[in-house]
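Worksheet: the structure to be examined is printed underneath.
The values are calculated or read from the model by the stated rules, or taken from the named source; none is laboratory data. Fair warning: this is a prediction, and the values are worked out from it, not measured in the lab. No Cβ is skipped: glycine too gets one built from the backbone with ideal geometry, and neighbour counts run over all protein chains shown.
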Amino acid sequence: MRSTMVRNGLVAVLTTAALGAGSTVSFAEDAPQNAAATATQGTAATATPSAYINRLSWDIAKATAKGEDVTDEQQVLAQFRALSLEDQKEYLGYLNDPKVLQAFFDSREVSNDDPKALISKDATTKYNKDVSFESGGALEHESGDAAGDASGVSSLVHWTDKATYTDKMKIHGITVTKLVVWVRYEATRNAITKALNSGSAKRNFNFGVVISSDNAKPWIGGNRAHAETVWQGNITYTLWTAQIDKIQSLSASWDGSWKGTIRNA
């Protein structure tokens, strides 16, 4: 269902120094910059705490001027500022650690088999005490009963649901990267009748990583509505470069149950 050919997994070229590096690095302090005047780019934005704060502040100012929602940016900025200086440096060290990024994009699968549970409890994988990966999802009834009970919708001719699957990376409790895929579909009792549309969204506050997506059209297979997104990330650091090619997939049943996966493209 995908329109592009992609390479498998996380393809990385690492120097010996990068492979031997731990999950944190040391930084020299620098003076705060004028966020209105300039914005640090790429890995420069994650080099020091003040550079990271400067980039977040610049993004907030630019988006605010355009009338865009900056809730996520403001939250990350406030949370980062609330960290101790030691934790700020450690946070940025994780952003620059290829092993952390690779672990986040490792294959995994989550599912919700209870149609009554519209929002699933996130499945959490601990990388270490500071870093975690969370996967979960939700079902929104655009028409039909509010409870999502199969017996409750059985009297309806048809209804429309939207299923969403999300993967998140958190460092010191801050959501650094969030990847989302969703699918809307029409259903009757015991059947998916039409896949309406699908899409994806991302929030990424690791400024050394540029993530783009290739969205496939939704389809029906095995009496389930399906959608998938190919995430392609390009990373260039001083000691290493990498490319990410991963497929984030979602399938949903007529009763509201769903399954989400992330795997090599």
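Kindly indicate the residue of the range 77-100 that is touching a residue at least 40 places away in the same chain (Cβ under 8 Å) and of a type in the set (A, V, I, L, M, F, W, C) and also surrounded by the fewest Cβ atoms within 10 Å (Cβ to Cβ) among those meeting that condition.
Per the stated criteria, the residue is L83.
Which residues, counting only those in the range 123-139, are of a type in the set (G, A, S) and without any contact (Cβ under 8 Å) to a residue 60 or more places away in the chain?
Matches in the range 123-139: A123, S132, G136, A138.
Within the range 101-121, which residues are more than 13 Å from I262 (Cα to Cα) and either surrounded by fewer than 17 Cβ atoms within 10 Å (Cβ to Cβ) or outside the structural domain of A242 (by TED's automatic domain parsing) (or both)?
L101, D113, D114, K116, A117, I119, K121
Scan the range 62-73 for residues that are over 18 Å from K168 (Cα atoms), part of a helix (DSSP H, G or I) and not hydroxyl-bearing (S, T, Y) and jot them down.
K62, A63, A65
I'm trying to understand the selection: among the residues of the range 210-224, which are surrounded by fewer than 15 Cβ atoms within 10 Å (Cβ to Cβ) and assigned to a strand (DSSP E or B)?
Correct list: V210, S212, G221.
I need every pair where a residue in the range 196-208 that is within 15 Å of A225 (Cα to Cα) has its Cβ under 8 Å from the Cβ of a residue that is modelled with pLDDT of 95 or more and not in a strand (DSSP E or B), sequence separation at least 6 or different chains.
Pairs found: L196/P218; N197/P218; S198/P218.
Matching residues to (1) at pLDDT 90 or above; (2) over 25 Å from I192 (Cα atoms); (3) of a type in the set (G, A, S); (4) not in a loop (DSSP other than H, G, I, E, B):
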{"residue": "D87", "(1), (2), (3), (4)": "yes, yes, no, yes"}
{"residue": "Y94", "(1), (2), (3), (4)": "yes, yes, no, yes"}
{"residue": "K99", "(1), (2), (3), (4)": "no, yes, no, yes"}
{"residue": "K116", "(1), (2), (3), (4)": "no, no, no, no"}
{"residue": "T125", "(1), (2), (3), (4)": "yes, yes, no, yes"}
{"residue": "G144", "(1), (2), (3), (4)": "no, no, yes, no"}
{"residue": "K162", "(1), (2), (3), (4)": "yes, no, no, yes"}
{"residue": "Y165", "(1), (2), (3), (4)": "yes, no, no, yes"}
{"residue": "K168", "(1), (2), (3), (4)": "yes, yes, no, yes"}
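Looking only at residues in the range 213-258 that are in contact with a Pro (Cβ under 7 Å, 6 or more places away or on another chain) and among the aliphatic types (A, V, I, L, M), which one is modelled with the lowest pLDDT?
Among those residues, the one meeting the criterion is A242.
Testing V210 on (1) touching a Gly at 6+ places or on another chain (Cβ under 7 Å); (2) at pLDDT 95 or above, one condition comes back false. Which one is that?
V210 satisfies all of (1) touching a Gly at 6+ places or on another chain (Cβ under 7 Å); (2) at pLDDT 95 or above except (2).
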